[in-house]
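**Q** Handing you this structure, nothing more for now.
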Amino acid sequence: MSYPFKISSEEDYRKAWNKSVKDPEGFWDGVASSFLWRKKWDSVLEWNFKDPDVKWFSGGKLNITENCLDRHLGLLGNQPALIWEPNDPEGHHRVLTYRDLYNKVIQFANVLKNNGVEKGDRVCIYMGMVPELAIAVLACARIGAVHSVIFGGFSAQSIADRLQDAQAKYIITCDGASRGAKEIPLKNVIDDALVQCRFVERVIVLTHTHTPVSMIKGRDVWWEDEIKKVETMGNPDCPAEEMDAEDPLFILYTSGSTGKPKGVVHTCGGYMVYTTYSFVNVFQYEPGDIHFCTADIGWITGHSYILYGPLGAGATTMMFEGIPTWPDAGRFWDIVDKYKVNILYTAPTAIRSLMGYGLGPIHGHKLDSLKVLGSVGEPINEEAWQWMHDNIGKGKCPIVDTWWQTETGGIMISNMAGITPAKPTYATLPLPGIQPVLVDEEGNEIEGNDVSGNLCIKHPWPSIIRTTYGDHERCRQTYFSTYKDMYFTGDGCYRDAEGNYRITGRVDDVLNVSGHRIGTAEVENAINMHAGVIESAIVGYPHDVKGQGIYAYVIYDHPHSGDENLTRQDITQTVTRIIGPIAKPDKIQFVSGLPKTRSGKIMRRILRKVAEGETENLGDTSTLLDPAVVEEIKKGRI
Ligand code: WTA
């Protein structure tokens, strides 16, 4: 497969970027033309950021799976589309060619239809990292159902909230998932969630871990049985549903600064064009390369750069069920050598955790197939960058530091491997079509170089968030109301003398823990649900491996059995129940009061400083209602 839009030199990049700014519509019209459309669009872009209302490729008709599967069958039918490495290194890996994947998607799409799923219906997918997860996602897209994948680390309560928000009547899950030495009883978690969600009509359960599960008559069915029914039906075809470019493709929930996660909605046409375009260019994908993105499909990175981006490009994409440190810290390197991986796209937190094991686990590995390394999800610190560059890339692989968000759908700011220069800890330059701006608190654009500000984006790009499901006003308020005519990212950013961008972290109340976005308000709500808790405040603090850790200040009436440690564990349990293990606080400090202004606002700045270990320069505390609590908080620091 050839990519007419592939950028092949720095000069090429500059030209493409300039054209994309001068004539965005002409630029994206050209890129979109190399995809498969049932009907061409009437207009490339209609937009305003006031409502917001953004439409790309309006009037265009397509199905993303025809682009990811059908159109590759001729040339690439026998090429591997998906390679799956199981959690157990002794287990059987699986290779699905484009033809195999196509057949399985068709089959499962028919299963969905047999179970009553129709275009526009929301389908919740809660599975481990098994090939059937990819198949389920694509099968939804095939018939125009809107998938909403939920990460396996979320609790029953979180799932119930999401099911309710999306009004999803259908669920696809597994009996259990294997991650390292652990087994996660996914179906049990779903059963707990469904106690509150009587509107769910069907749960399709894949057998994977052979964990015993309850199956409710009339509601729960086995994946395998449903496949058999389709097989006996004969006709294996499932024509792709014709979708409008702006029909929703999926919902993915993400945390913001308020208590409730938002359902970010992406649509078919723009998302398809942008994920494949960015995949090919950032990683400089060459036909035949093996692309290994270590993210989970429960997050946007997995959606865009395990599934849609690579498959749109006819690439070979890998899926890994396990974790980087099991059975030992050489697992990634085993996989790289076993499959001769060419592109490794991972997260700084994984690198930092592997750094902790020293160079031993790398020894005995060749790693000579690697051409490109990538980083995503959080700022990468210089040590981790250098370690990856020297020890994994052996000094010869460019590292792409890719900045983007669930809401942006695809990579926004990044160097292009071997094409534009890398600069450690910098995401560097915007992709063609992306117009970043830095603004001050008043919303004035900060021009020139060697400046810092809040990062906004000026003009729409094809995979921009369209709405937050069921609550468009929330989308407007969160992203489009802070600064006029701009999309606000929530990130702070520095632009150096050469115009390279360096993301400095969130400027809102969102934490980034091991690359997972966690809203402080969400964690506070969960802690406050624990009996005995009167009030709490959450802040982030620097953590060697996780990037940020969660520090909780809690006002509690009396400890459980007089035991503070037991109480800490109780609180942790509550957070695990309400949100999931990913939001567990790392530290809990009991306090008798929180530093509040006279108007009752918690001064988080002070809490942040204390959590960071800074107890001297706390800034102005004169506006505090009771400055004495600060002394107590400083003394009690953990
Ligand atoms: C952060 C993940 C620095 C940032 C794709 C953003 C990064 C949030 C980078 C989005 C990077 C992501 N450098 N920070 N290369 N990539 N971030 O929605 O704070 O899970 O706003 O999307 O992660 O996280 P999300």
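The values are calculated or read from the model by the stated rules, or taken from the named source; none is laboratory data. Owing to the predicted nature of the structure, the values given are computational and were not obtained by experimental measurement. Note that we place each Cβ from the backbone using ideal geometry, even for glycine, and neighbour counts take in every protein chain shown. The accessibility values were calculated without ligands, DNA or RNA, using every heavy atom of the protein model including side chains. Shrake-Rupley method; radii C 1.70, N 1.55, O 1.52, S 1.80 Å.
**Q** For the range 480-495, in order, what is each residue's ³J(HN,Hα) by Karplus, 6.51 cos²θ - 1.76 cosθ + 1.60 with θ = phi - 60°, in whole Hz (x at glycine and Pro)?
**A** 10, 9, 5, 10, 5, 6, 9, 8, 9, 7, x, 9, x, 7, 10, 10
**Q** Along the charge dipole of the range 510-635, Cβ charges K/R +1 and D/E -1, which of Val554, His530, Thr520 sits furthest on the positive end?
**A** Ranked along the dipole, the leading option is Thr520.
**Q** Given H placed 1.01 Å from N in the peptide plane, which residues other than close sequence neighbours of Leu45 have an amide H under 5 Å from its amide H?
**A** It is Phe57, by chain and number.
**Q** Dipole size in debye (nearest 20) for the range 448-578 around its Cα centre, Lys and Arg Cβ +1, Asp and Glu Cβ -1?
**A** Dipole magnitude for the range 448-578 comes out near 560 debye.
**Q** For the range 421-438, just list the computed ³J(HN,Hα) in residue order, Karplus coefficients 6.51, -1.76 and 1.60, θ = phi - 60°, integers in Hz, with x standing in for Gly and Pro.
**A** Once θ is set to phi - 60°, the couplings for the range 421-438 become x, 8, 9, x, 6, 10, 6, 6, 10, x, 5, x, x, 10, 10, x, 9, 9 Hz.
**Q** In nm, to one decimal, how far is the modelled label at Ser481 from the one at Phe199, with both set 7 Å along Cα→Cβ?
**A** Going from the Ser481 label point to the Phe199 one covers 2.5 nm.
**Q** I've got another one for you. Could you provide, to the nearest whole Å², the per residue accessible area of the range 67-241 with probe 1.4 Å?
**A** 39 Å²
**Q** In the range 83-149, if the dipole is taken from +1 on Lys/Arg beta carbons and -1 on Asp/Glu beta carbons about the Cα centre, which of Cys140, Leu101, Val130 is farthest to the positive end?
**A** Cys140
**Q** In the range 406-498, what trypsin sites (Lys or Arg not before Pro) fall in a loop by DSSP, with at most 13 other Cβ atoms inside 10 Å?
**A** Sparse-neighbourhood loop trypsin sites (Lys or Arg not before Pro): Lys484.
**Q** Give me the one-decimal nm value for the distance between modelled label points at Lys119 and Glu631, 7 Å along each residue's Cα-to-Cβ direction.
**A** Here the modelled spin labels are 7.0 nm apart.
**Q** For the range 371-401 and the range 240-299, compute the distance between their C-alpha centroids and round to whole Å.
**A** For the range 371-401 versus the range 240-299, the Cα centre distance is 23 Å.
**Q** A further question follows. Toward the positive end of the charge dipole of the chain, about the Cα centre and with charges on Cβ (Lys, Arg +1; Asp, Glu -1), which of Ile578, Asn110, Asn617 goes farthest?
**A** Most positive-ward Cα: Asn110.
**Q** Express in nm, to one decimal, how much length is gained between Arg219 and Gln167 on full extension, taking 0.36 nm for each residue of separation and deducting their alpha carbon distance.
**A** Between Arg219 and Gln167, full extension yields an extra 17.1 nm.
**Q** Which ³J(HN,Hα) values, rounded to whole Hz and listed in residue order, are derived for the range 118-130 from phi using the Karplus coefficients 6.51, -1.76 and 1.60 in 6.51 cos²θ - 1.76 cosθ + 1.60 with θ = phi - 60°, glycine and proline given as x?
**A** Taking θ as phi minus 60°, the curve returns 10, 3, x, 5, 8, 10, 8, 10, 10, 9, x, 7, 10 Hz for the range 118-130.
**Q** If packing is taken as the average count of other Cβ atoms within 10 Å, what order do 604-615, 244-255 fall into, highest mean first?
**A** Put in order of decreasing packing, that is 244-255, 604-615.
**Q** Hey, another quick one. Run the reach check for Lys371 against aspartates and glutamates, Cα to Cα strictly under 17 Å, same-chain hits fewer than 8 apart removed. What comes back?
**A** Correct list for Lys371: Glu286, Asp289, Asp334, Asp337, Asp390, Asp401.
**Q** Using a 1.4 Å probe on the protein heavy atoms, what percent of the accessible area of the chain belongs to carbon and sulfur?
**A** Roughly 49 percent, rounded to a whole number.
**Q** In what sequence, highest mean first, do 387-397, 308-318, 54-64, 620-630 appear when ranked by Cβ atoms within 10 angstrom?
**A** 308-318, 54-64, 387-397, 620-630
**Q** So what's the projected area for the range 540-617, the Cα convex hull averaged over all directions, in nm²?
**A** Its Cα hull, projected and averaged over all orientations, spans 6.6 nm².
**Q** When the C-alpha atoms of the range 67-241 are aligned to their principal axes, what extent does each axis show, in angstrom, from largest down?
**A** For the range 67-241, the Cα extents along the three principal axes come out at 47, 39, 28 Å.
**Q** I need the Debye-formula profile for the range 412-458: one equal scatterer per C-alpha, no solvent, reported as log10 I(q)/I(0) at q = 0.26, 0.27 1/Å, two decimals.
**A** Listed by q, the Debye log ratios stand at -1.02, -1.06.
**Q** Continuing with this model, one more query. Any aspartates and glutamates with Cα under 13 Å of the Lys15 Cα? List them, leaving off those in the same chain fewer than 8 positions away.
**A** Asp23
**Q** Check every DSSP H run in the chain and write down those whose alpha carbon atoms cover 27 angstrom or more along the long axis and whose mean Kyte-Doolittle hydropathy is 1.0 or greater.
**A** TM-like helix candidates: nothing returned.
**Q** List the aspartates and glutamates whose Cα sits under 12 Å from the Cα of Lys187, skipping any in the same chain fewer than 8 residues away.
**A** Hits, sequence-local ones excluded: Asp175, Asp220.
**Q** With a probe of 1.4 Å, find how much accessible area the range 355-497 has per residue, and write the answer as a whole number in Å².
**A** Heavy-atom accessible area per residue stands at 36 Å².
**Q** Right, something else. Which FRET efficiency value, to the nearest 0.05, is calculated for Asn78 and Glu46 with the Förster distance at 45 angstrom and r the Cβ-Cβ distance?
**A** 0.60
**Q** Next question. State to the nearest 20 debye the size of the charge dipole of the range 510-635 about its Cα centre, where the only charges are +1 on K and R beta carbons and -1 on D and E beta carbons.
**A** 380 debye
**Q** On to the next question. Mind listing the long-range amide H neighbours of Arg202? Cut-off is under 5 Å, sequence gap 5 or more, other chains count too, H placed in the peptide plane at 1.01 Å from N.
**A** Ile171
**Q** With a 10 Å radius around each residue's Cβ, average the other Cβ atoms per peptide and rank 31-42, 537-548, highest first.
**A** For the peptides 31-42, 537-548, the packing ranking is 537-548, 31-42.
**Q** Would you mind computing the Rg to Rh ratio of the chain from its alpha-carbon coordinates, Kirkwood style for Rh?
**A** 0.95
**Q** Hey, how many Å between the Cα centroid of the range 1-48 and the Cα centroid of the range 81-105?
**A** 33 Å
**Q** Only loop residues by DSSP count here, and only those with at most 14 other Cβ atoms within 10 Å; note down the GluC sites (Glu not before Pro) in the range 446-542 that meet that.
**A** Glu447, Glu498
**Q** If you find the alpha carbon centre of the range 162-228 and of the range 335-362, how far apart are they in angstrom?
**A** 32 Å
**Q** OK, next. For Tyr253, what residues show an amide H to amide H distance below 5 Å, using hydrogens built from the backbone and excluding near sequence neighbours?
**A** Val264
**Q** Would you work out the charge dipole size for the chain about its Cα centre, treating the Cβ of every Lys and Arg as +1 and the Cβ of every Asp and Glu as -1, and quote it to the nearest 20 debye?
**A** That gives the chain a dipole magnitude of about 580 debye.
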